[in-house]
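Colleague: This is the structure, below, for whatever I ask next.
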There are 2 protein chains.
Amino acid sequence: MAEEELELDRRDWIAGLEKGLRIIEAFNDAHPRLTPSTAARRTGITRTAARRYLLTLQHLGYVDSDGTHFWLTPRILRLGWSYFDSAKVPRAVQPFLQRISIELGGSAFFAVLDEDEVVFVARNGVGRVQSLGFVLGARIAANLASAGIVLLACKPPEEVERWLTGRKFIPYTPHSYTSVEDVRAVIDKARTNGYSILEQQLEQDRRGIAVPVRTRAGVVVGSISVSLPIGNETSQQALTRALPVLREAEHALLSLL
Amino acid sequence: MAEEELELDRRDWIAGLEKGLRIIEAFNDAHPRLTPSTAARRTGITRTAARRYLLTLQHLGYVDSDGTHFWLTPRILRLGWSYFDSAKVPRAVQPFLQRISIELGGSAFFAVLDEDEVVFVARNGVGRVQSLGFVLGARIAANLASAGIVLLACKPPEEVERWLTGRKFIPYTPHSYTSVEDVRAVIDKARTNGYSILEQQLEQDRRGIAVPVRTRAGVVVGSISVSLPIGNETSQQALTRALPVLREAEHALLSLL
DNA sequence: GCTTATAGCGCGATAATCGCGCACCCAACA
DNA sequence: TGTTGGGTGCGCGATTATCGCGCTATAAGC
């Protein structure tokens, strides 16, 4: 799951695929439309090559173009769809998230780690309004969500230490932790507790509570978390009412994994 | 937007990229884990090559493997994310969808066409429970949703006719249209009306109402739709209360596109 | 009207991708 | 236990697909 680093037989390496995916990921908020030149600069590929990749993607329908500028089409979503379609855990977990969000009156998530980030792969919200921009597949720095902290806490401490060293934390709220010490303390606390609670790290007046989800064999497959408005509730009160519900879902899930 | 068919200079065609994407899309519900052999069979690539692509994807972190079987990782979602990140329209419509869903008491969608399918790229639901499995990027046959019908109705009739000919429609409910004539009639009606209403095609006791969204220049960029429980409401009643709200959003959007 | 930066394209070189064919392994079954 | 069938990993030689240089044309900015 982690050690594919060295075993690249340059025979088994398809350069074109890697470059193409890099081109796709070069599109983002700040660069919604790319020309061959800009794409080349953003990916380190030569301009001529970048153009060929864009043309190929266009021919496949993944990007569209007005001749000089290229942009992604919704066809791209088919790729992510392949994941949702094939990953059984996110689907198995849905009914549990639903129960959690109704019972606790917040949004419930199932999340996994991907490198430095926590990715939310299933979600069930409650209330009239969807929090804007929160779509499946959303990812944020792992230290900003309880789900990320608890997943980090499940990793071997030395790996966490490696993760922490030299990392910069950009604050999202006035309460966001910005020092390595603070984040390490939160992770350590989560490790001893077996759950994680995080307050106002990403958003004001919101707290998150998360527990890890393991298979029978003890392998961590992700985390279940809930995001609650803080209001007048103390951390202790929130924990007392939320933890049992999360734990129950965790145990019920065991039989499905 | 449609005529990239013939202009493939085999010089500008990266075969490796196309094959790699085909490998990714070979994963789905029925085939969540693939071996080199099964991947090869599903894609038409040779086994040796398929293996190389899988190994490359593994090295990039997009798939994981236990040695023989391969499966997608959430990293794949970064690709779809590039789209959501870069596509401005889905984000621009969010607040409007929110208002629609609150005012009408249903789920509001923004959707676009991709070949035969309608893809839901933005959504805002109301109510305690999320309709299960409805995630962004979801796609269904265009004829099954009002959003798809209205988008088809915006295409030139001869193109629609080409789309219709020889198509098989699989019913999802006892009310689903299954004949070319029925579907053509629905599309024609949508074209003359400028909106589309569809009842119980995908789900019992649900109706959808959709209007197209155009830029000032008149180019159709997608559709706004709402899904409502039927209950005791007649089609006419639903239209009278829903259409003005949808139209209002449509016009408000004009200034943003 | 000069400068700067981009686009598209042709070409020759080469390195990357191909798929055959072999050896091996495991599971089912006679 | 031996045989069959399907799977895997790997090495190799052939070839062709991919590369990026360098050219000209064009569009934008001062």
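Colleague: How big is the Kirkwood radius of the protein assembly as shown, worked out from every pair of different alpha carbons and given in Å to one decimal? Walk me through the intermediate numbers first.
Modeller: On the way: mean 1/r = 0.0409 Å⁻¹.
Averaging 1/r across every pair of different Cα atoms and inverting gives 24.5 Å.
Colleague: Looking at B:VAL180, B:PRO74, A:VAL186, which one has the Cα that reaches farthest to the positive end of the dipole of the protein assembly as shown (charges on Cβ: Lys, Arg +1; Asp, Glu -1)?
Modeller: Farthest along the dipole direction, towards plus: B:PRO74.
Colleague: Another question, if that's okay. Between copies, how far apart are the B:LEU257 label points? List them in nm, one decimal, shortest first, with each point 7 Å from Cα toward Cβ, please?
Modeller: Those label-point separations list as 4.3 nm.
Colleague: What dipole magnitude, in Debye to the nearest 20, does segment A:11-96 give about its Cα centre under +1 on Lys/Arg Cβ and -1 on Asp/Glu Cβ?
Modeller: Numbers: 13 positive and 7 negative charges, 40 e Å.
Computed about the Cα centre, the dipole is about 200 debye.
Colleague: Could you work out the mean count of beta carbons from other protein chains within 10 Å of each residue's beta carbon in A:50-61?
Modeller: 5
Colleague: Moving on. Could you tell me the relative contact order of chain A? Use alpha-carbon pairs under 8 Å, at least six residues apart, and round to a whole percent.
Modeller: 14 percent
Colleague: What's the local net charge at B:THR173, with K and R +1, D and E -1, over the other residues with C-beta under 11 Å away?
Modeller: Its environment carries a net charge of -2.
Colleague: While we're on this one: For the pair B:LYS189 and B:GLU248, what calculated FRET efficiency results from E = 1/(1 + (r/R0)^6), where r is the Cβ-Cβ distance and R0 = 22 Å, to the nearest 0.05?
Modeller: With a Förster radius of 22 Å, E is 0.45.
Colleague: Could I ask something else about it? In angstroms, what radius of gyration and Dmax does segment A:171-222 have, counting Cα atoms only?
Modeller: For segment A:171-222, the Cα-based Rg and Dmax read 13.0, 40 Å.
Colleague: Give me the percent of the accessible area of the protein assembly as shown that comes from carbon and sulfur atoms, probe 1.4 Å, all protein chains in place. Mind dumping the intermediate values first?
Modeller: Working: 12310 of 23900 Å².
The value for the protein assembly as shown is 51 percent carbon and sulfur by accessible area.
Colleague: Calculated FRET efficiency, B:GLN200 and B:ALA92, Cβ-Cβ r, R0 30 Å, to nearest 0.05?
Modeller: Approximately 0.45, to the nearest 0.05.
Colleague: Convex hull volume of the Cα atoms in segment A:10-79, per residue, in Å³? Numbers along the way, then the final one.
Modeller: On the way: hull volume 6.5 nm³, N = 70.
Output value, Cα hull per residue: 94 Å³.
Colleague: State, as an integer percentage, the relative contact order of segment B:7-63 based on alpha-carbon contacts under 8 Å between residues 6 or more apart.
Modeller: Dividing the mean separation by the residue count of segment B:7-63 yields 26 percent.
Colleague: Then there is this: Jot down the radius of gyration and Dmax of segment A:87-254, Cα atoms only, both in angstrom.
Modeller: 14.7, 43
Colleague: If one takes the accessible area of chain B alone plus chain A alone and subtracts that of the pair, with a 1.4 Å probe, what total in Å², rounded to the nearest 100, results?
Modeller: The B and A chains share an interface burying roughly 6700 Å².
Colleague: May I ask you to report, in nm to one decimal and beginning with the shortest, the distances from B:GLU159 to the same position in the other copies, taking label points 7 Å along Cα-to-Cβ?
Modeller: Taking the point 7 Å beyond Cα along Cα→Cβ, the inter-copy spacings are 4.9 nm.
Colleague: Please give the length that would be gained between B:VAL219 and B:VAL180 if that part of the chain were fully extended, namely 0.36 nm times their separation in residues minus their C-alpha to C-alpha distance (nm, one decimal). Write down the numbers at each step before the final one.
Modeller: Values: separation 39, 0.36 × 39 = 14.04 nm, distance 2.69 nm.
The span from B:VAL219 to B:VAL180 would gain 11.4 nm if fully extended.
Colleague: Which entries of B:LYS88/B:LYS168; B:LYS88/B:LYS155; A:LYS88/B:LYS168; A:LYS19/A:LYS168; B:LYS168/B:LYS189; A:LYS88/A:LYS168 have Cα-Cα distances beyond 31 Å here?
Modeller: Pairs exceeding 31 Å: B:LYS88/B:LYS168; A:LYS88/A:LYS168.
Colleague: Work from the charge dipole of segment B:22-180 (Cβ charges, +1 for Lys and Arg, -1 for Asp and Glu, about the Cα centre) and give the residue of B:ALA138, B:ASN28, B:VAL121 farthest towards its positive end.
Modeller: Result: B:ASN28.
The values are calculated or read from the model by the stated rules, or taken from the named source; none is laboratory data. Not measured: the values here are computed from a predicted model. Every residue, glycine as well, gets a Cβ built from its backbone with ideal geometry; the counts of neighbours run over all protein chains shown. We work out accessible area using only protein heavy atoms, side chains counted, and drop any ligands, DNA or RNA first. Shrake-Rupley method; radii C 1.70, N 1.55, O 1.52, S 1.80 Å.
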